[in-house]
Amino acid sequence: MMLSDHSKKALFEKICNEDRISGGGGELCTYNEKRLHRAVKRFILESECIGYALNEYEGYETRIGRYVADILVSDVIFEIQTGSVRPLKKKLEYYIENTDYSVVVVIPLKKDTELLRVDRESGELISKKRSPKHERIKDKLCDLVYISEILSSGRVRVRYLEVCGEEQRYSERVRGRKSGAYDKEYFPLSLADVTEYTAPEAFSEYLPAVLSVDKGFSAAEYGKAMKLAGRKLYNTLNFFCGMGILEREKRDSKYIYSKRAGD
């Protein structure tokens, strides 16, 4: 049974509210996970188990060979990554080489964030403003360069969860810290959208139509079209090359669409 978008959003908001009230105790805290990881982890399990009864070998923190999967439901492993996916590389390689499971890498994106300056002792709200930073899928493709060859196998999918929340910044002086330093804690509040890429070619939507298919395009042209620069730009292009969607010509450093991608 598939949940509707409305039901998914309602479930995620419910989980965030309960975690905030309880402080996130219980079985999800085995590895001192932060609130966002805990909320996403519970959301994935509960949304995937609609109409499905888990057996004793499934659920949270399931050992698979020499690794422990965040979640196992039926024949699908879910790995939740709030930071870079680079540390997942060996784990994913092990799953692909030694098991028959398919894998979903779940990546939360902080879409809209309220920044709250709070006095830790009194709980008083000092200031409130909206963060100018919005994490977007196109800006995160560069991180997938570390697992591009694994994604090209077709057995690993990527699911992005766009999350709205608030970041509380606690105003207090701490000896040894620079002026202006603060502790912070992120509280997820709601789910804006879910996007899943089930096959390598699905990422081709981030290759703008304005770029020439026949003549190829330079890194600068791609950067201009996608508003990317520096390491983020080149890692994104290397990601597409690692997936077999693009090839880089040695002669003039143009990127062209791979023949393999068109097969």
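The values are calculated or read from the model by the stated rules, or taken from the named source; none is laboratory data. From a predicted model like this one, the values you see are computed outputs, not experimental measurements. With ideal geometry, Cβ positions are generated from the backbone for all residues, glycine too; neighbour counts draw on all protein chains shown.
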Worksheet item: Do the conditions hold for Phe203, that is, is it touching a helix residue (DSSP H, G or I) at 6+ places or on another chain (Cβ under 6 Å), under 17 Å from Ile150 (Cβ atoms) and assigned to a helix (DSSP H, G or I)?
Response: no
Worksheet item: Within the stretch 202-243, can you find the residues that are touching a residue at least 40 places away in the same chain (Cβ under 8 Å), of a type in the set (Val, Ile, Thr) and out of contact with any Leu (no Cβ under 6 Å at 6 or more places or on another chain)?
Response: Val213
Response to the item:
(1) among the basic types (Lys, Arg); (2) at pLDDT 95 or above; (3) more than 20 Å from the chain's Cα centre (by Cα) all hold for Lys90 apart from (3)
Item to complete: Just give me the residues in the stretch 219-260 being in a helix (DSSP H, G or I), touching an Asp or Glu at 6+ places or on another chain (Cβ under 8 Å) and polar (S, T, N, Q), in sequence order.
Response: Asn235
Discussion item. Restricting to the stretch 112-138, count the residues that are in contact (Cβ under 8 Å) with a residue 40 or more places away in the chain and under 15 Å from Arg159 (Cα atoms).
Written reply: 2
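Yes/no matrix, rows are residues, columns are (1) β-branched (Val, Ile, Thr); (2) assigned to a strand (DSSP E or B); (3) buried (at least 17 other Cβ atoms within 10 Å of the Cβ):
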site: Leu92; (1), (2), (3): no, no, yes
site: Val103; (1), (2), (3): yes, yes, yes
site: Ile107; (1), (2), (3): yes, yes, yes
site: Lys110; (1), (2), (3): no, yes, yes
site: Leu115; (1), (2), (3): no, yes, no
site: Val118; (1), (2), (3): yes, yes, yes
site: Ser122; (1), (2), (3): no, no, no
site: Ile126; (1), (2), (3): yes, yes, no
site: Pro132; (1), (2), (3): no, no, no
Worksheet item: Within the stretch 2-12, can you find the residues that are under 15 Å from Leu45 (Cα atoms), touching a residue at least 24 places away in the same chain (Cβ under 8 Å) and in a helix (DSSP H, G or I)?
Response: Lys8, Lys9, Leu11, Phe12
Worksheet item: Scanning for something closer than 29 Å to Cys164 by Cβ, under 16 Å from the mean Cα position of the chain (by Cα), outside any strand (DSSP E or B) and of a type in the set (Phe, Trp, Tyr), does the stretch 52-71 turn up at least one residue?
Response: no
